[in-house]
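The values are calculated or read from the model by the stated rules, or taken from the named source; none is laboratory data. Only a predicted model underlies this, so the values are computations on that prediction, with no experimental measurement involved. All Cβ positions, glycine included, derive from the backbone under ideal geometry; neighbour counts span all protein chains shown.
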Amino acid sequence: MIKLPIKNSRDTITVNPTKLVALGLNYRAHIAESVSVKIKGFTDQVPSEPLLFPKTPNVLVGPDQPIVIPKFIGEYGFETLRTDYEAELALIIGDRCKDVSVDAAMDHIFGYTCMNDISQRNIQNGDRTGWYRGKSFDTFGPVGPQVVLTRDLPSPQNLDICCRLNGKTVQEANTGQMIFSIPQIIAFVSKNFTLMPGDIILTGTPSGVGPLSHGDIVEVEIEQIGILKNSVIDETEL
């Protein structure tokens, strides 16, 4: 649970979702690179429907809080450890809803923010039960720097999104390049799960994902929302 300011307001919002639902493979360029970085379950085929996976609420940290790479991962003896950044537009749901139509989907969004879907690839690819652990370690979901209400962001499907690692741009795209649009995503997710106020939906990451190391500074910037900046700490270095 964290608090974030609301743009153009003196108010804040407590970010405390019952669930976080994320999309994989929602940008075509990321589909191609997912094969090369050997992400388990990904192929070069464009999905026929949104591919969903969970992140747990314990991942949430705010702007300027550290991303901590867990020490115990080293106990597995992986030849090369890899924990990746993934810049994404996040939707915050405004009310309880189920089986939402595409036409009505935008009415159920409270606001938008930046999120970094941190992913521990060794665990993600190695667990026979799926991605649950590799996506949900503590601090693996930085969010912020603020929430922009729907009324203040009329065109969320046309926002430039980028990620910078130590000042170098490593991801760069536009939300208009999503395979599944924001209304399609909400309609599909709400068909599968009842959405509650404050729930977060992650809309997928563009190409350019890559590894993080101790001492890195990673920034997610989305047009009209702002810059989410976090440092990276390897717990083995503490």
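Can you go through Ser34, Ser48 and tell me which one is under 23 Å from Ser181 (Cβ atoms), at pLDDT below 85 and of a type outside the set (A, V, I, L, M)?
Step by step, each of Ser34, Ser48 is checked, and only Ser34 is under 23 Å from Ser181 (Cβ atoms), at pLDDT below 85 and of a type outside the set (A, V, I, L, M).
Consider region 114-138. How many of its residues are in a loop (DSSP other than H, G, I, E, B) and buried (at least 20 other Cβ atoms within 10 Å of the Cβ)?
Matching residues across region 114-138 total 7.
With respect to the numbered conditions (1) within 24 Å of Thr14 (Cα to Cα); (2) under 16 Å from the mean Cα position of the chain (by Cα), which one is the sole condition not fulfilled by Cys163?
The one condition Cys163 does not meet is (1).
Select from region 154-169 the residues that are more than 16 Å from Ser231 (Cβ to Cβ) and surrounded by 13 or more Cβ atoms within 10 Å (Cβ to Cβ) and list them in ascending order.
The answer is Pro156, Gln157, Leu159, Asp160, Ile161, Cys162.
Among Gly111, Gly74, Gly62, Gly24, which is small (Gly, Ala, Ser), surrounded by fewer than 21 Cβ atoms within 10 Å (Cβ to Cβ) and either farther than 25 Å from His214 by Cβ or more than 20 Å from the chain's Cα centre (by Cα) (or both)?
After ruling out the rest, the residue left standing is Gly74.
Select from region 58-116 the residues that are over 16 Å from Ser136 (Cα atoms) and among the β-branched types (Val, Ile, Thr) and list them in ascending order.
Thr80, Ile92, Ile93, Val100, Val102, Ile109, Thr113
Only residues that are of a type outside the set (S, T, N, Q), at negative phi and either free of Cβ contacts under 8 Å to residues at least 24 places away in the same chain or part of a loop (DSSP other than H, G, I, E, B) (or both): list them for region 73-102, please.
If the condition is that a residue be of a type outside the set (S, T, N, Q), at negative phi and either free of Cβ contacts under 8 Å to residues at least 24 places away in the same chain or part of a loop (DSSP other than H, G, I, E, B) (or both), then Glu75, Phe78, Glu79, Leu81, Arg82, Glu86, Gly94, Asp95, Arg96, Lys98, Val100, Val102 are the ones that fit.
Determine if region 169-181 includes at least one residue that is assigned to a helix (DSSP H, G or I), in contact with a strand residue (DSSP E or B) (Cβ under 9 Å, 6 or more places away or on another chain), touching a residue at least 40 places away in the same chain (Cβ under 8 Å) and of a type outside the set (D, E, K, R).
Looking for residues that are assigned to a helix (DSSP H, G or I), in contact with a strand residue (DSSP E or B) (Cβ under 9 Å, 6 or more places away or on another chain), touching a residue at least 40 places away in the same chain (Cβ under 8 Å) and of a type outside the set (D, E, K, R), one finds at least one in region 169-181, hence yes.
Can you tell me how many residues in region 139-153 are surrounded by fewer than 23 Cβ atoms within 10 Å (Cβ to Cβ), over 13 Å from Ile13 (Cβ atoms) and within 14 Å of the chain's Cα centre (by Cα)?
Of the residues in that region, 1 qualify.
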